[in-house]
Amino acid sequence: MAADEAQRAVEAVFRIERSRLIGRLARMVRDLDLAEELAQDALLVALARWPESGVPDNPLAWLTTVARRGALDRLRRDRMQARKHDTIAREAASEDDRSIEEIEAAMDDELGDELLGLIFAACHPIVSPDARAALTLRLVGGLTTDEIARAFLASEPTIAQRIVRAKRTIAAAGLAFEVPRGAARQARLASVLQVVYLIFNEGYSATAGEDLTRPSLCAEAQRLGRILAAFLPQESEVHGLLALVEIQASRLAARTNADGALIPLTEQNRARWDRHLIGRGLAALARAEALGGCEGPYALQAALAACHARAKHVEETDWARIAGLYDRLQAVMPSPVVALNRAIAHGMAFGPEVGLRLIEAIAPSPALRDYAPLPAARGDALFRLGRHAEARCAFEAAASLTRNTREKAFLLARAAACA
């Protein structure tokens, strides 16, 4: 195997195993910075050895063994806390004279709790909301600070500071990198799901910048959702969230044209929707409902997405059912944004007069004051009522509020069409 090819193979394996390795090391040393450093050191050893010896049958166990021994050396050298030193020393001392095969066998245990422990720590409520997504993408997604900064259109130093502060907060709180149980898990799970949804939404509809979507972020959210569903199979809202992101992601290829311009849902070529992802999403939704989660916020949103996914043509869309689902969602998750989407659905189901009346009723909400979708929805209702001059003003107002270049162009085009 050529040197370049061998290096690519080692790096590919490391990308796959990195988050689980860090999760395992974090549980051991209770220090995220040290866990990341030890994982990187293990990669360097693998890059030196694997091109000649080949990739081990259990690469994660091999990397863990190297990292654990590196941790022991570092703890001895730096005279870290005696408790940590003694703990790792006891674990590693018995391994030094054993074969790699024996160590691999001993370490070939259930890895899910370790990876989930890392996710739950990164998404702990004590970490600021803007830092949770960044830390999750860094530790679990393996994205670089620069990649996260570009995804959220923030400066690299800003993202780096968020991650550093989050790590310090976790260290100061002495969090265990374990999945909490009982009521504690339920309380923390909401934060985890919120972070995954935030990551997906930023990928599905970028808040600012030149690109309307960032598929890589959607893919990371889907991966996190699948991990959670695999290891928390009895949590209905986990399956509800997974259903939602899978079905929504199925539309990504159809949301923009060749030039990157926005194509609204009602005008998309549904033949371009990914039927495989739709199937996965519908299966996850069925699982959520079977677990009694029909009224969960994520399951309800997934049911809304499923209404569109099941309609092979826009004319087949069951807007009355969608309106009813929004009524239920507003009851369990009341918010101005849900109320706006409910108004749009009612306008599609029962006529633009109904939709406009509901939109005007919620327009004074402070939360919607600078929210571009509000005047955009008002403009659509006015346009359908034939009040084109008013619609044009509404679309221009919406365009002035958005920070996304593609969305702005779409709204200005709609304003021009009113003439």
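The values are calculated or read from the model by the stated rules, or taken from the named source; none is laboratory data. What you are looking at is a predicted structure, and each value in this text was computed from that prediction instead of being measured. Cβ atoms come from the backbone with ideal geometry, glycine included; neighbour counts cover every protein chain shown.
Yes or no, residue by residue, for (1) assigned to a helix (DSSP H, G or I); (2) of a type in the set (A, V, I, L, M); (3) buried (at least 21 other Cβ atoms within 10 Å of the Cβ):
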| position | (1), (2), (3) |
| --- | --- |
| ARG20 | yes, no, no |
| GLU37 | yes, no, no |
| ALA48 | yes, yes, no |
| PRO51 | yes, no, no |
| ASP57 | no, no, no |
| THR65 | yes, no, yes |
| ALA71 | yes, yes, yes |
| ARG76 | yes, no, no |
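Among the residues of segment 375-419, which ones are in contact with a Leu (Cβ under 8 Å, 6 or more places away or on another chain), under 20 Å from GLU210 (Cα atoms), of a type outside the set (Lys, Arg) and assigned to a helix (DSSP H, G or I)? Those that are in contact with a Leu (Cβ under 8 Å, 6 or more places away or on another chain), under 20 Å from GLU210 (Cα atoms), of a type outside the set (Lys, Arg) and assigned to a helix (DSSP H, G or I): ALA376, PHE395, GLU396, ALA398, ALA399, GLU407, ALA409, PHE410. Looking only at residues of segment 296-316 that are over 22 Å from the mean Cα position of the chain (by Cα) and part of a loop (DSSP other than H, G, I, E, B), we find that the one that is surrounded by the most Cβ atoms within 10 Å (Cβ to Cβ) is ALA311. Picking from residues in segment 174-232 that are of a type in the set (Asp, Glu) and part of a helix (DSSP H, G or I), the one that is farthest from ALA288 (Cα to Cα) is GLU202. What do you reckon, is ARG406 crowded, with 19+ Cβ neighbours inside 10 Å, at pLDDT below 95 and under 33 Å from the mean Cα position of the chain (by Cα)? Considered against the rule, which asks whether it is crowded, with 19+ Cβ neighbours inside 10 Å, at pLDDT below 95 and under 33 Å from the mean Cα position of the chain (by Cα), ARG406 comes out as yes. Scanning segment 259-287 for residues that are more than 28 Å from THR207 (Cβ to Cβ) and among the aliphatic types (A, V, I, L, M) returns ALA271, LEU282, ALA283, ALA286. Taking (1) small (Gly, Ala, Ser); (2) without any contact (Cβ under 8 Å) to a residue 40 or more places away in the chain; (3) touching a helix residue (DSSP H, G or I) at 6+ places or on another chain (Cβ under 8 Å) in turn, GLY142 satisfies each apart from (2). Scanning segment 244-253 for residues that are hydrophobic (A, V, I, L, M, F, W, C) and buried (at least 16 other Cβ atoms within 10 Å of the Cβ), we see that the one that is nearest to ALA208 (Cα to Cα) is LEU252. Inside segment 169-186, can you point out the residues that are among the small types (Gly, Ala, Ser) and either without any contact (Cβ under 8 Å) to a residue 12 or more places away in the chain or in contact with a Phe, Trp or Tyr (Cβ under 9 Å, 6 or more places away or on another chain) (or both)? Result: ALA172, GLY182, ALA183, ALA184.
Can you pull out the residues in segment 210-248 that are of a type in the set (Asp, Glu) and within 11 Å of the chain's Cα centre (by Cα)? GLU220 - this is the single residue of segment 210-248 that is of a type in the set (Asp, Glu) and within 11 Å of the chain's Cα centre (by Cα).
Name the residue that is farthest from GLN248 (Cα to Cα), counting only residues in segment 259-292 that are in a helix (DSSP H, G or I) and of a type in the set (Gly, Ala, Ser). The qualifying residue farthest from GLN248 (Cα to Cα) is ALA290.
Restricting attention to segment 254-292 and to residues that are surrounded by 14 or more Cβ atoms within 10 Å (Cβ to Cβ) and among the β-branched types (Val, Ile, Thr), the residue that is modelled with the lowest pLDDT turns out to be THR256. For segment 371-397, taking the residues that are among the hydrophobic types (A, V, I, L, M, F, W, C), out of contact with any Pro (no Cβ under 6 Å at 6 or more places or on another chain) and more than 13 Å from PRO352 (Cα to Cα), the one that is surrounded by the fewest Cβ atoms within 10 Å (Cβ to Cβ) is identified as ALA389.
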